[in-house]
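As structure tokens, the structure follows; a few thoughts come after it.
A short reminder: the numbers here are calculations on the coordinates, not readings from a lab. These figures come from a predicted structure and were not determined experimentally. Neighbour counts are summed over all protein chains in view; Cβ atoms, including those assigned to glycine, are modelled from backbone coordinates with ideal geometry.
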Amino acid sequence: MTGMGGCSSLGDLASTWRKLLNGESGLRLQQPFPQFPLKPLGMLHSAPSSLEQILPELVQQTLKDAGLTAPLPDCGIVIGSSRAQQGRLETFASQVYQGGQLDRRASWYSALPYTPATLAAMECGSQSAVLSPMAACATGLGAIARGMQLIREGTCDRVLAGAVETPITLLTLASFERMGALARQGCYPFDRQREGLALAEGAALLLLEREDIALKRETQIYGELLDFGLTADGYHVSAPQPESLGAIAAVKQCLERSGLNPEDIHYIHAHGTSTKLNDSREAALIQWLFPQGVPVSSSKGATGHTIGASGALGVAFCLLAIRDRQLPPCVGLRDPEFDLDLITHSRQQDCDRVLCLSFGFGGQNAAIALCRYPHP
């Protein structure tokens, strides 16, 4: 990992990390649509954002951080989004439903799911593999894992990977509200009084490079991707498998491929959505697989739930934790419900090997292991 760029309701990646360590939250009670009540949301601006507002600058940030400039024709692109251009599709549907005509300046194909990857490819000048995976809330980790595969199989020497999400749309809010998943006042992962998730906009991109190329360029190296685990429950369209068998298999797969034992992990960035079901299942999973205890936190109390981008942001936070030897807190946590080593205030601690987890609708399970470079 030689470059990073990101944004959240707390600002750019550097600002987000600083405020996260300070225990600040970017969530605010907002009402972007008059027909929908006030809800805690994590928005980049006063109105819902679009992918076009986020991606070009984010690509340039990431390349600059890696010491590279466009065009990079040989750079692979793996950038996903769970919602992609849903806001634009809703606008199109509304225009048709109301008997109007579509704006001739807006082409329907600009609203298709692959838009994030193609926008990034144009900004990067890529003529290599361009992929746009979708795996619900596990999209970010899935994209980074696919980027690693492209390098390992020799298809690419470097890959720009990550995810972006602009989910503040009327249909998305209404859907999560119908499920009873939205918080009323705030987001408190793993707290006994947690209310639900808070939707948020955000993104994170990472520049992955082959080790010898990064060393030859004498560039910074944030850390090394060891390996990953990806599984699916095949159980329900939204609810996780009751015994979390698929999720457990993903974490075990990740550890085995990485050559790690549970006691080798120094920190876990949990999915931690602040919903009753996710947090209880994830806490049980961590207790089962890591009985020796390991520091755990979720960043969603600070950033909100950026859906498909949450895993990519989680990986960025893991790399910054390794670099700064600082474990981020579980913002909003006051009364922990679970017997875990939950971090309530930023903690100064060496963390050479970390784990990032994501779990999405449809039983999508993802885990990625990262470590300090060079190996301790």
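Ignoring lysines fewer than eight residues from Lys276 along the same chain, the ones with Cα atoms less than 21 angstrom from its Cα are Lys39, Lys300. In the elastic network of the chain, a GNM with C-alpha springs shorter than 10 Å, the most mobile of Gly362, Gly202, Gly147 is Gly362. Looking at Ile322, Phe190, Ser175, which one has the Cα that reaches farthest to the positive end of the dipole of the chain (charges on Cβ: Lys, Arg +1; Asp, Glu -1)? Comparing the listed Cα positions along the dipole, Ser175 ranks first. Counted as membrane-span-like here are DSSP H helices of the chain whose alpha-carbon atoms extend 18 Å or more along the helix's own axis and whose Kyte-Doolittle mean is 0.5 or above; these are 139-152, 245-258, 310-324. Rounded to the nearest 5, the antiparallel percentage of DSSP beta bridges internal to the chain is 65%.
Under 5 Å from the amide H of Ile77 lie the amide H atoms of Ala129, Val130, Leu131, Leu160, each residue being 5 or more positions distant or on a separate chain, with H modelled from the backbone and absent for Pro and chain starts.
Note on Lys64/Asn22: beta-carbon distance plugged into 1/(1 + (r/R0)^6) with R0 of 30 Å gives a FRET efficiency of 0.75. Across segment 297-376, Cα-Cα pairs more than 17 Å apart make up 51 percent of the total.
Comparing Ala93, Ala309, Ala284 in a Gaussian network model of the chain where C-alpha atoms under 10 Å apart are linked, the largest mean-square fluctuation is found at Ala93. Site pair Arg152 and Glu52 shows an inter-label distance of 3.8 nm when each label is modelled 7 Å from Cα along Cα→Cβ. Estimated purely from DSSP H runs of n ≥ 4, each contributing -39500 (n - 2.57), the mean residue ellipticity at 222 nm for the chain is -10000 deg cm²/dmol once divided by its residues.
Annotation: the residues Asp212, Asp233, sorted from fewest to most other C-beta atoms within 10 Å of their own C-beta, follow the order Asp212, Asp233. Working from label points 7 Å from Cα in the Cα-to-Cβ sense, the Arg323 to Asp212 distance is 2.7 nm.
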